[in-house]
Structures are given as structure tokens and as C-alpha cells.
Amino acid sequence: MSQATQHRAGFGRVDISSFVPGTCMFGWGHPGNVAQSVAMPLFARALVVEHGPTRSKVAYVCCDLGMISEALRHEVLVRLAGTPGALADAELVLSATHTHAAPTGYSTYLMYALSAPGFSARVLSEIAGGIVGAIEMAIRALTPARLYLHAGDVPLTEPILFNRSPDAYSANHDVTPVPFARRDEAVDRTMTVLRVDAEEGRPLGIVTWLACHPTTIHREATYLHPDHKGESSRFLEEAAGDERYVAIFAQGPAGDVTANHRMSPSRKQMIGAHDDDRESARFAGVRAALVAKVIADEAPSRGERLEGPVVTRASYTDFFRAEVAPEHAGGREGLRTGPPRIGLSFGVGTAEGPGPLAPISRLVPFLVSLQRTRAKLGLVSRDGRAHGSKVPFWELGRGRRGRALGFVRPAMLARHVNDPFARYLARAAEDPRMIERPWVPRYLPAHVLRIGHLLLVSTPNEPTTVAGRRLAKAASYAAGDSRVRVLVCGYTNAYAGYVTTPEEYALQRYEGGATLFGEHSLAAFCTIAARLVRSMQSGPSTVTFGPPPPYVKPEDAVPAID
């Protein structure tokens, strides 16, 4: 087979705008952030790539959702089984853009069901059906194709990328500290574009990776909206003049990156370029799309033509006690992650979305310092040692035996709070099925995909800018090839909070408080990614290590909302 026909590729796009009216959306955790209408459709966009000589393949799907739940991924794989679109576990990469104006109700884990609050079998079914439809559409569209990889920078003149925790960023030993006024320099401004053309030259679509939180649509919204990532996709798809053309705007390490950069005195939160959130989303989306178009147009002449088989590796790891290789932990041995806990700073929130504990934000640094001292003196439990300076707010790994603030069961606290989240928690936490079940995923997926010199490392969380940079470095070193372009994509195949660097974690800003499995989480993911990349050097094209997590049936998710 000639170079021109090594690969076949096809795109698909299906509307997944499903929600239960009156339930909250994913991301803000605010009772007023309820879904009542669709301002702009949400889509599942799929790219299927197949290598002809080896028959190796992958389906890369990016959804306008806040996250991917275990239940959603399981449902998609089950529906594809026995069809022409059947995929092995490692052949499916299911990612989310992380828009905060998307539905909830499709996770069987209590922490994420709490955001609705509740579980909806209908929402799960309709979203899964749309994703399957997009994959099947992409398979039907498979045609001999050429794949080009190219990258470029988003100029500083484009005000769409800012670090929302510049003090934590500046604490890292491997960066140049930046003042708050220059926080637009404390991000990765590189956009990478995969351009896919039919053999005869017709553009089929693109996939772009750029790290930025889709939070320009704030918690006051009562409508579904894909935020700036969806606006970027729509702009290029409409400009293409071909309804078959698909533009995927996927995520990178976006944990501390936002397009919100102005404080609104009236709203008391950071907002985007315009006072109207939808205008801000449109502004950021169009600006990013124009940069992507330039990079995509240059790709055939200035980029790299991807060749060779599609190689994928996936694994599942118990993150209650994931091992850390010394080379990813400064030479220290015997380190592990710990059972999940939310830190007090999680409840404080961020400047673009203050949380219920925001009034005590000035007290948190003192409590963090005190907790750090207690940990150094060995005055914390064995599990607590994995969490270092984190002030424990809520244990999520012990079912209803978990404690809030270190001493009280959440259900007992919830009985005294009059809001829908508390009422749901009080009911759900007392259900017998919740006695032992963790309230967030325990067995976390990791995935690596390689086509030529493109190496995509996917995680089920939100890595910060520097955490993503270090993860990419670990994968690049394991690949042993300086020509490899490593991209890190969060929000993939499941969801389990944030991942920060140890330096960022020690400060316990919002991102550190939301790093569920402790201060060694990044080192654990570096360990896993390096192992997966090294395994690509031999063996079959597709391999999954470790059994998938125990499946929680939708009927066992309590209580349901439909």
C-alpha cells in the first residue's frame, strides 16, 4: 500500500443536547445553575482512523460535556459490541470539552450525581446513543486519507488564555515566576492541529488541542451551551461550506487556564471579554478558531505527514494506593496515592466561581500551614500522609462511613441544610447500597495513542499547565524519540478531579484541594504513562492492562430523577 493510502479516516457529528429540565448543570455546583433550555446544541464529534496494512484503528470522540462518566463509557462500548463499529477498550478515546453549561445525571457515583442532584437513565441513554451514532457515522465515512500534524502559538495579543492561579504556577521550580498582571504568560499557548484530508485533497476535518477551561458561561446560566470550544467548532464547520466537515476542539492540561480575565464589580466574579457571557464565549471561540485555521492551512506544506500504524494502550489502576516510581518522585521510594479526599480550598472555589466557603478564604492558608506541620510531625493517619498539606473537608472513598471536616458524617450535616443538594445527600448517603461504595471512581483509566510522531496521553482528570508539561516530559522520555510530539488531554474516559504538581499542591489553592488522591497523584500518572509508552515498542497494536472497574448498574444509582 502506498504512502497516500496508508490510512482511512472518517468523521461524524451528532447532537447530544439531552437534559432533565430543572436539574443543575455540571461544573458550578450552584442551585441556581439549572437547565431549562438549549441556547446552542451540544455535539459528540468523532474521528475514526484506521491503518490499512495492520488494520489497527482508533475512535477519538470529543463531546460537549462537562465530563465523561464510567457509566457513559460502559454504555457506549456495550452498544457498539456486535456491530460493525465494535471497539476494543483501548480503541475508544472518549473525551469531554468540560463546558460547565452541560447536563448532569449520567454518573452513578454519588459525588457527581450530587451535582444534578440525581441520576437519569434517559440522559445517559440519549447521550450514549448520540456518541454511538457519531462513531457509526465516522465509520461509514471512512475513506483513504492523509493526516498532517502542525502546531502554532496563540499570540499574546489574543486575550483568551490566562492562568487563574498564577501564584501556584510560580511556585514550581521549573518555571519563571510571573506576576498577576502577566498571567497570560503562565499558560501553554501552543495549539496543535491534526488536519485530515481525503486522498484527492478534500478537507474532511480537523482535531485541535488547546488548554482552556470552558467557563465563560457562568453559573447564572439556565441553558445548555458548549461554551467557547463549541463556538470554535461551529465557526469553522460553517466556514467550510461542507456539512460533512467536522472541527473538533479538544482539551489540553486546562486545570488552571481560563478565558475569564476581568473582575465584574456587579457580579463579583471574573468574566470574559464581554459583559454578556454568550458574547464572551463567541469571542474566545472565534479567536481560537481563526488561529486553528491558519495552522490547519499551513499543515500540508509546513507540518508533518503522519505515517504508520495506530498503536493504543490503556490501563486501569487502583488510585486508592497507586504506586509511584522513584524517578518520578525525586528519587523517593515507597510513595503511593491515597483514598480520595476533597480539601477545604475546594469549597472556597475560584475567582470565576466562588464557592460556599469563600467567606473564610483568608483562613485557609493558616489551616494549610498547620496541616503541613502536623503531617511532617506524623500526627496524621496513614491515609492522611498521602494528602500532605490538604486540610480534609470531605472523605469520598469510604462510602457513607466517610467524614466531613474530619469528624462528622456528611448525611448528618446535610439534614440541617435546606437546599436540594443537601436533601439528596441525606437520602442517598443512608441507602444501604452506599455503605461501602466509593463516591468517586477508584480504578482510574489512562490511555496513550500513537500515530507516527503524534503521541497523545489521556487522563481522567484536569491537569494544570505544569502538571501536563511534566506528564508530557515523562512520556517523551519513555518514548526515547526526540521527534515525538506529546500532547496531554484531560477529561478522558472517566472523571476524578484535578492533578497538580507537588509545589502547587502544597499551596492548596482550589486546584490542589480538588486533587482527590493526594500530593503524589501526578507522579503516579507519570509512572503509568511511561509504562504504557514503553509497552508500545513491542506486542500487538491494541492492549489494555488491568480489568475495567466494577460496573455500577444504573438501577443501583440512587435516587433517580426520572
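How many of the residues in the stretch 342-387 are over 15 Å from ALA506 (Cα atoms) and either modelled with pLDDT of 90 or more or not polar (S, T, N, Q) (or both)?
Residues of the stretch 342-387 over 15 Å from ALA506 (Cα atoms): 347-363, 377-383.
Checking the rest, the ones that are also either modelled with pLDDT of 90 or more or not polar (S, T, N, Q) (or both) come to 347-360, 362-363, 377-380, 382-383.
Residues that pass the stated criteria total 22.
Given the options GLY338, GLY388, name the one that is at positive phi, touching a Lys or Arg at 6+ places or on another chain (Cβ under 8 Å), of a type in the set (Gly, Ala, Ser) and surrounded by 19 or more Cβ atoms within 10 Å (Cβ to Cβ).
Result of the check over GLY338, GLY388: GLY388.
Buried (at least 17 other Cβ atoms within 10 Å of the Cβ), touching a His at 6+ places or on another chain (Cβ under 6 Å), closer than 30 Å to LYS57 by Cβ and not aromatic (Phe, Trp, Tyr), is that true of PRO226?
Against the criterion (buried (at least 17 other Cβ atoms within 10 Å of the Cβ), touching a His at 6+ places or on another chain (Cβ under 6 Å), closer than 30 Å to LYS57 by Cβ and not aromatic (Phe, Trp, Tyr)), PRO226 does not qualify.
Do any strands (runs of 3 or more DSSP E) entirely within the stretch 448-551 hold 1 or more residues that are touching a strand residue (DSSP E or B) at 6+ places or on another chain (Cβ under 6 Å) and either small (Gly, Ala, Ser) or crowded, with 24+ Cβ neighbours inside 10 Å (or both), and if so, which?
454-458, 485-489
For (1) small (Gly, Ala, Ser); (2) in contact with a strand residue (DSSP E or B) (Cβ under 9 Å, 6 or more places away or on another chain), each residue gets a yes or a no:
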| position | (1), (2) |
| --- | --- |
| PRO31 | no, yes |
| ARG45 | no, yes |
| VAL48 | no, yes |
| PRO53 | no, no |
| SER56 | yes, yes |
| LEU65 | no, yes |
| LEU77 | no, yes |
| GLY82 | yes, no |
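With the condition kept exactly as written, say whether any residue in the stretch 66-76 is under 27 Å from THR542 (Cα atoms), touching a Lys or Arg at 6+ places or on another chain (Cβ under 8 Å) and charged (D, E, K, R).
No, the stretch 66-76 contains no residue that is under 27 Å from THR542 (Cα atoms), touching a Lys or Arg at 6+ places or on another chain (Cβ under 8 Å) and charged (D, E, K, R).
So which residues in the stretch 116-170 are among the aromatic types (Phe, Trp, Tyr) and surrounded by fewer than 17 Cβ atoms within 10 Å (Cβ to Cβ)?
Here is the first cut: in the stretch 116-170, the residues among the aromatic types (Phe, Trp, Tyr) are 119, 148, 162, 169.
Correct list: empty.
Given ALA39, ALA35, which one is among the hydrophobic types (A, V, I, L, M, F, W, C) and in contact with a Lys or Arg (Cβ under 8 Å, 6 or more places away or on another chain)?
Within the list ALA39, ALA35, the selection yields ALA39.
Out of (1) touching a residue at least 60 places away in the same chain (Cβ under 8 Å); (2) outside any loop (DSSP other than H, G, I, E, B); (3) of a type in the set (Ser, Thr, Tyr), the odd one out for SER361 is which?
The single condition SER361 does not satisfy is (1).
Quick check on my filter: what residues within the stretch 5-42 are aromatic (Phe, Trp, Tyr) and either in contact with a helix residue (DSSP H, G or I) (Cβ under 6 Å, 6 or more places away or on another chain) or free of Cβ contacts under 8 Å to residues at least 24 places away in the same chain (or both)?
Matches in the stretch 5-42: PHE11 only.
Please report, ordered by residue number, the strands (runs of 3 or more DSSP E) entirely within the stretch 268-357 with at least 1 residues that are farther than 30 Å from ALA530 by Cα.
In the stretch 268-357, the matching strands (runs of 3 or more DSSP E) lie at 269-271.
Taking the stretch 255-267 on its own, how many of its residues are touching a Phe, Trp or Tyr at 6+ places or on another chain (Cβ under 8 Å) and either in a loop (DSSP other than H, G, I, E, B) or on the phi > 0 side of the Ramachandran plot (or both)?
5
Check SER301 against each of (1) under 26 Å from CYS24 (Cβ atoms); (2) surrounded by fewer than 19 Cβ atoms within 10 Å (Cβ to Cβ); (3) hydroxyl-bearing (Ser, Thr, Tyr) and name the one condition it does not meet.
If we test SER301 against (1) under 26 Å from CYS24 (Cβ atoms); (2) surrounded by fewer than 19 Cβ atoms within 10 Å (Cβ to Cβ); (3) hydroxyl-bearing (Ser, Thr, Tyr), just (1) comes out false.
Report every pair of residues separated by at least 6 positions or lying on different chains whose Cβ atoms are under 7 Å apart, first residue within the stretch 97-114 and without any contact (Cβ under 8 Å) to a residue 60 or more places away in the chain, second β-branched (Val, Ile, Thr).
TYR106/VAL123; TYR106/ILE127
Looking at GLU323, GLU333, GLU307, GLU298 in this structure, which one is in contact with a helix residue (DSSP H, G or I) (Cβ under 7 Å, 6 or more places away or on another chain) and within 30 Å of GLY201 (Cβ to Cβ)?
From the options GLU323, GLU333, GLU307, GLU298, the qualifying one is GLU307.
What are the residues in the stretch 23-65 that are closer than 21 Å to ARG278 by Cβ and either in contact with an Asp or Glu (Cβ under 7 Å, 6 or more places away or on another chain) or small (Gly, Ala, Ser) (or both), if any?
Residues satisfying the conditions are GLY27, GLY32, ALA35, SER37, ALA39, PRO41, LEU42, PHE43.
Does the stretch 220-234 hold any residues that are β-branched (Val, Ile, Thr) and part of a strand (DSSP E or B), and which are they?
none
May I ask you to say which residue of ALA86, ALA145, ALA138, ALA134 is closer than 25 Å to ALA314 by Cβ and free of Cβ contacts under 8 Å to residues at least 40 places away in the same chain?
None of the others qualify; the one that does is ALA86.
Return a yes/no flag: does the stretch 421-430 have any residue that is buried (at least 20 other Cβ atoms within 10 Å of the Cβ), over 19 Å from GLU70 (Cα atoms) and modelled with pLDDT of 95 or more.
No, the conditions are met nowhere in the stretch 421-430.
Output the residue which, of all residues in the stretch 178-208 that are surrounded by fewer than 24 Cβ atoms within 10 Å (Cβ to Cβ) and among the small types (Gly, Ala, Ser), is nearest to GLN6 (Cα to Cα).
Filtering first and then ranking leaves ALA198.
Tally time: how many residues in the stretch 43-58 are surrounded by fewer than 24 Cβ atoms within 10 Å (Cβ to Cβ) and either closer than 22 Å to PRO549 by Cα or free of Cβ contacts under 8 Å to residues at least 40 places away in the same chain (or both)?
1
Of the numbered conditions (1) within 23 Å of GLY255 (Cα to Cα); (2) touching a residue at least 60 places away in the same chain (Cβ under 8 Å); (3) in a helix (DSSP H, G or I), LEU72 satisfies every one except a single condition; which is it?
(2)
The values are calculated or read from the model by the stated rules, or taken from the named source; none is laboratory data. Since the structure is predicted, the reported quantities are computational estimates derived from the model, not experimental observations. Positions of Cβ are generated from backbone atoms using ideal geometry, with glycine treated the same way; all protein chains shown enter the neighbour counts.
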